[in-house]
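These notes concern the structure reproduced below.
The values are calculated or read from the model by the stated rules, or taken from the named source; none is laboratory data. None of the values given here were measured: they were computed from a predicted structure. Cβ placement follows ideal geometry from the backbone for every residue including glycine, while neighbour counts extend to all protein chains displayed.
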Amino acid sequence: MTTVKETESDAQVTFEDQQKINKFARHNARLQDIKDELAEKRKEVQNLEDAADELLMVDDSDFVPYQIGEVFVSSSVTDATSLLERGKERALDEIKELEERGGSHKQILSDLKVQLYAKFGNNINLEAEDDS
């Protein structure tokens, strides 16, 4: 949440300042989206690990249902385990990429905070509100 309180003694908000505030808001929104995606991917990894653990209790000669998209196919335990492992690796790669993107947004936000707090001091609020 970004707000600027204006009083007569405060610095005026210039066009460049407004651009920085808007840029901060955009990057902050993108960072929140990335955090949400990361939570989903981490849950996906946990689900894949749980499924792999469940397959350890199944006899190797059995066939198990494996979901591909919206369809379930019958698969051997070995094939299902392999598919789960590949899915886990893909999700972990996506997590790593999301963390890198999040890091770049955090750096931009940090730089903008320094600039905006330097000019507006306590008259601007750039801290996220905890809605949890």
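Here's a check for you: in the range 42-70, which residue that is of a type in the set (Gly, Ala, Ser) and surrounded by fewer than 11 Cβ atoms within 10 Å (Cβ to Cβ) is modelled with the lowest pLDDT? Result: Ser61.
Every condition in (1) among the hydroxyl-bearing types (Ser, Thr, Tyr); (2) surrounded by 13 or more Cβ atoms within 10 Å (Cβ to Cβ); (3) touching an Asp or Glu at 6+ places or on another chain (Cβ under 9 Å); (4) at pLDDT 90 or above is met by Thr78 except one, and the failing one is (2).
Take the residues in the range 68-77 that are touching a helix residue (DSSP H, G or I) at 6+ places or on another chain (Cβ under 9 Å) and of a type in the set (Val, Ile, Thr), then tell me which one is farthest from Leu56 (Cα to Cα). That would be Ile68.
Scanning the range 14-67 for residues that are touching a residue at least 60 places away in the same chain (Cβ under 8 Å) and more than 25 Å from Arg101 (Cβ to Cβ) yields one hit, Asp17. Residue-level check: of (1) surrounded by 12 or more Cβ atoms within 10 Å (Cβ to Cβ); (2) closer than 29 Å to Glu127 by Cβ, Arg90 misses just (2). Contact map, the range 109-128: residues that are over 15 Å from Thr14 (Cα atoms) paired with residues that are surrounded by fewer than 13 Cβ atoms within 10 Å (Cβ to Cβ), Cβ distance under 6 Å, separation 6+ or inter-chain. Pairs shown: Asn125/Thr3.
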